[in-house]
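Colleague: Have a look at this one.
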Amino acid sequence: SSTFFSGLTATEKKLAEYKCNTNEAIQLKLVRFPEDLEDENTTFNPEYSHQVFGDDEVAFGYKGLKILLYYIAGNLSTLFRIEYTSRVNERFDCVEADDVESKIREIIPPGFCTNTDDFVSLLEKEVNFKPFGMLLHTYSIHNEEAGEDITYQIYKADMTCPGFREYHERLQTFLMWFIETASFIDVDDERWNYFLVFEKYNKDGATLFATVGYMTVYNYYVYPDKTRPRVSQMLILPPFQGEGHGAQLLETVHRYYMSSPTVLDITAEDPSDNYVKLRDFVLVKLCQDLVCFSPVKLMQGFSQEMVTEAQQKLKINKQHTRRVYEILRLRATNMGDAEQSRSYRLDVKRRLIGPYKKKQRELAKMRRCLRPEEMTNQLNQIDLNLQREQLEESFQQLVSDYRRVLERLAQA
């Protein structure tokens, strides 16, 4: 680093030392017992902080900056403190430190604790916290560490549940740290549904509940008398990720809407790659026993019957049903058999090429206006080769994603 600093003045060198990466500085905790406060194993950090601290994810003006955001595991009462070893001084250094506190206050609701004693005394009242709304589903997962099965429950809540509005304000602050383009929703709009996951745990002989994650779904109106629920946000908190809660939550939400005659089908808003993989797994699991997805029918190709049955029985839309078909057909296909493998490849590529063909037509139109004929033909040829490569790449990527879904399904 000496070369980097050599051209800097003493002041600049000093100021460079006062930059902190906010993803490291922010320390999050979900606290069940007083000893969790001192236990480093219970700390986790944000994946993102750019929405609060700018694209560089840097806070200037502090050395050893720690931004503590500790939440009581169930009702998410918050402790917010800032600690640092030193800070620039406007009188001596002629620069001002970033106002970290007001940036955090913008996203966390008022009423937080600023000292540990108050927080610990709130922790003692946590035994009174109960989940909001209506219980939809209970499941258990074996925990290696604890050597026992842990029970989880999924609830559907809304803003009429006493205390839920304030709880949701605390819960949604996690979106900022774990969803790249997060935004807070308008809770006064009654078309939002909230689905919450809790873990049951024991403390001094009592049963308590800890927040695991949640999903928000918006009910779009479809003329004349239907709705189309759209998944907006879904977050499983980091300490619980990779345990299968996302799949449990999504399947429970599908089952909830399946029982409603007014629901047309379920969609999602701008889904992440991880969400798509999760959804593939859940929808394939739901669909695999439908008559229309029998191996014989899969081999005959994608059909209207699949679209209709998946929509009517499981509230799955056409686009997602097509993916389910491709995944289940892959399972039924012997890829070692040249004929079966070729047939599968053509079938999937025919779907993939749709957007390319459209683009191709648009390009051809433009070029007819701009260029002599022979040049156009050459360009089209180059495009076709490139297109074949891209198509093959997309196909290979899909097949490897699909195989992962099938592996997970085989273990389920």
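Colleague: What is the number of the single condition among (1) assigned to a helix (DSSP H, G or I); (2) within 28 Å of VAL307 (Cβ to Cβ); (3) at pLDDT below 95; (4) among the hydrophobic types (A, V, I, L, M, F, W, C) that MET335 does not meet?
Modeller: Checking MET335 against (1) assigned to a helix (DSSP H, G or I); (2) within 28 Å of VAL307 (Cβ to Cβ); (3) at pLDDT below 95; (4) among the hydrophobic types (A, V, I, L, M, F, W, C), the one that fails is (1).
Colleague: Report yes if some residue within region 173-187 is in a loop (DSSP other than H, G, I, E, B), in contact with a His (Cβ under 7 Å, 6 or more places away or on another chain) and in the same structural domain as HIS254 (by the TED database); otherwise report no. Quick ask: steps written out before the conclusion?
Modeller: Taking region 173-187 and keeping what is in a loop (DSSP other than H, G, I, E, B), we get 179-187.
Pick out the ones that are also in contact with a His (Cβ under 7 Å, 6 or more places away or on another chain) and you get 187.
Add one more test, that the residue is in the same structural domain as HIS254 (by the TED database), and what stays is 187.
Yes - at least one qualifying residue is present in region 173-187.
Colleague: Which condition does PRO110 not pass, out of (1) in contact (Cβ under 8 Å) with a residue 60 or more places away in the chain; (2) of a type outside the set (Asp, Glu); (3) in a loop (DSSP other than H, G, I, E, B), if it passes all the others?
Modeller: Tallying (1) in contact (Cβ under 8 Å) with a residue 60 or more places away in the chain; (2) of a type outside the set (Asp, Glu); (3) in a loop (DSSP other than H, G, I, E, B), PRO110 fails exactly one: (1).
Colleague: Taking into account only those residues within region 163-201 that are out of contact with any Ser or Thr (no Cβ under 7 Å at 6 or more places or on another chain) and among the basic types (Lys, Arg), which is farthest from VAL127 (Cα to Cα)?
Modeller: Ranking the candidates gives ARG191 first.
Results for (1) farther than 18 Å from LEU398 by Cα; (2) at pLDDT 95 or above, shown as yes or no for each residue.
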site: SER294; (1), (2): yes, yes
site: THR308; (1), (2): yes, yes
site: ARG351; (1), (2): no, no
site: LYS358; (1), (2): yes, no
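Colleague: Select from region 308-331 the residues that are in contact with a Phe, Trp or Tyr (Cβ under 9 Å, 6 or more places away or on another chain), under 21 Å from LEU278 (Cα atoms) and open to solvent by less than 40 Å² (accessible area, probe 1.4 Å) and list them in ascending order.
Modeller: Passing the criteria: ALA310, LYS315, THR321, ARG322, VAL324, TYR325, GLU326, ILE327, LEU328, ARG329, LEU330.
Colleague: When LEU175 is evaluated against the numbered criteria (1) closer than 14 Å to GLY74 by Cβ; (2) surrounded by 13 or more Cβ atoms within 10 Å (Cβ to Cβ), which criterion, by number, is the only one it fails?
Modeller: (1)
Colleague: So is THR138 among the polar types (S, T, N, Q) and assigned to a loop (DSSP other than H, G, I, E, B) or not?
Modeller: no
Colleague: Every residue in region 78-120 that is open to solvent by 20 Å² or more (accessible area, probe 1.4 Å), over 22 Å from VAL58 (Cβ atoms) and within 27 Å of the chain's Cα centre (by Cα), please.
Modeller: Listed by number, the residues that qualify are PRO109, PRO110, PHE112.
Colleague: Can you confirm whether GLN319 is under 21 Å from GLN397 (Cβ atoms) and either among the polar types (S, T, N, Q) or assigned by the TED database to the domain that holds ASP401 (or both)?
Modeller: yes
Colleague: Within region 246-267, is even one residue charged (D, E, K, R), touching a residue at least 12 places away in the same chain (Cβ under 8 Å) and farther than 27 Å from ARG170 by Cβ?
Modeller: Of region 246-267, the ones charged (D, E, K, R) are 251, 255, 265.
Pick out the ones that are also touching a residue at least 12 places away in the same chain (Cβ under 8 Å) and you get 251, 255, 265.
Still in the running and farther than 27 Å from ARG170 by Cβ: 255, 265.
The answer is yes, given that some residue of region 246-267 is charged (D, E, K, R), touching a residue at least 12 places away in the same chain (Cβ under 8 Å) and farther than 27 Å from ARG170 by Cβ.
Colleague: Return yes or no: is LEU264 out of contact with any Pro (no Cβ under 7 Å at 6 or more places or on another chain) and either within 26 Å of THR42 (Cα to Cα) or open to solvent by 30 Å² or more (accessible area, probe 1.4 Å) (or both)?
Modeller: The answer is yes for LEU264.
Colleague: Here is a follow-up. So which pairs qualify, if the first residue must be in region 146-167 and under 16 Å from TYR214 (Cα atoms) and at pLDDT 95 or above, the second must be crowded, with 19+ Cβ neighbours inside 10 Å and acidic (Asp, Glu), the Cβ gap must be under 9 Å, and the two must be at least 6 apart or on different chains?
Modeller: Listed by first residue and then by second, the contacts come to TYR152/GLU199; GLN153/GLU199.
Colleague: Let me ask another. From the list GLU180, GLU124, GLU199, exactly one residue is open to solvent by less than 40 Å² (accessible area, probe 1.4 Å), closer than 28 Å to ARG81 by Cα and of a type in the set (Asp, Glu). Which is it? Explain how you work it out, then say what you get.
Modeller: Values: GLU180 fails: open to solvent by less than 40 Å² (accessible area, probe 1.4 Å); GLU124 fails: open to solvent by less than 40 Å² (accessible area, probe 1.4 Å).
One residue alone meets the criteria, GLU199.
Colleague: Please give the strands (runs of 3 or more DSSP E) falling wholly within region 1-69 in which 1 or more residues are at pLDDT below 95, more than 19 Å from VAL120 (Cα to Cα) and not small (Gly, Ala, Ser).
Modeller: Of the strands (runs of 3 or more DSSP E) lying wholly inside region 1-69, those with at least 1 residues that are at pLDDT below 95, more than 19 Å from VAL120 (Cα to Cα) and not small (Gly, Ala, Ser) span 19-21, 58-60.
Colleague: Given the criterion among the basic types (Lys, Arg) and in contact (Cβ under 8 Å) with a residue 40 or more places away in the chain, identify the matching residue among LYS359, LYS365, LYS297, LYS313.
Modeller: Numbers: LYS359 fails: in contact (Cβ under 8 Å) with a residue 40 or more places away in the chain; LYS365 fails: in contact (Cβ under 8 Å) with a residue 40 or more places away in the chain; LYS297 fails: in contact (Cβ under 8 Å) with a residue 40 or more places away in the chain.
After ruling out the rest, the residue left standing is LYS313.
The values are calculated or read from the model by the stated rules, or taken from the named source; none is laboratory data. Quick caveat, the model's predicted, so the values are computed rather than measured. All Cβ positions, glycine included, derive from the backbone under ideal geometry; neighbour counts span all protein chains shown. The accessibility values were calculated without ligands, DNA or RNA, using every heavy atom of the protein model including side chains. Shrake-Rupley method; radii C 1.70, N 1.55, O 1.52, S 1.80 Å.
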